[in-house]
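See structure below.
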Amino acid sequence: MKKNVFIDTEYITLGQLLKEEDVVASGGQAKWYLKDHVVKLNGEPENRRGKKLYDGDNVEVIDVGLFFIRKK
């Protein structure tokens with residue numbers, strides 16, 4: 001699945017993205033999810049739930065989808 005994720009703010013955190021896209025149920029679960037699953041930010045592995053995602057960033061959650069961060 002490929003999806004554009006539109007943000008109103010300057011950035012969104014990786015944990016917020018995972019919660020907003022129903023990959024995890026809560027921000028706390030994001031920490032554990034990132035330990036056990038491969039998530040790539042702009043092609044590079046990323047495991048920090050507080051990592052800031054900006055307009056133009058691409059997040060690939062293996063076996064879930066590819067998310068394109070876009071500013072409204």
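Computed quantities for the displayed model
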read-out	value
Estimated inter-spin distance, ILE62 and VAL38, nm [label 7 Å along Cα→Cβ]	0.3
Placed amide H near VAL39: partners under 5 Å, 5+ positions off or other chain	GLU46
Members of LYS40/LYS72; LYS3/LYS40; LYS3/LYS31 lying beyond 19 Å, as alpha-carbon distances in this model show	LYS40/LYS72; LYS3/LYS31
Solvent exposure of the chain as accessible area per residue, Å², 1.4 Å probe	64
Highest-MSF residue in the chain out of VAL39, VAL24, VAL59 [GNM, Cα springs under 10 Å]	VAL24
Antiparallel DSSP beta bridges within the chain, percent to nearest 5	65
Under 5 Å, built H, 5+ apart or other chain: amide partners of ILE7	ARG70, LYS71, LYS72
Computed accessible area, ILE7, all protein chains, 1.4 angstrom probe, square angstrom	10
Order of exposure, largest accessible area first, which applies to PHE6, PHE67 with probe 1.4 Å	PHE6, PHE67
Accessible-area order (highest first, 1.4 angstrom probe) of the listed residues ASP22, ASP57, ASP63	ASP63, ASP22, ASP57
Acute angle (nearest 10 degrees) that the helix 27-36 long axis makes with the longest principal axis of the chain, alpha-carbon atoms	70
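The values are calculated or read from the model by the stated rules, or taken from the named source; none is laboratory data. These figures come from a predicted structure and were not determined experimentally. Every residue, glycine as well, gets a Cβ built from its backbone with ideal geometry; the counts of neighbours run over all protein chains shown. Heads up: the accessible areas ignore ligands, DNA and RNA and are worked out on the full protein's heavy atoms, side chains in. Shrake-Rupley method; radii C 1.70, N 1.55, O 1.52, S 1.80 Å.
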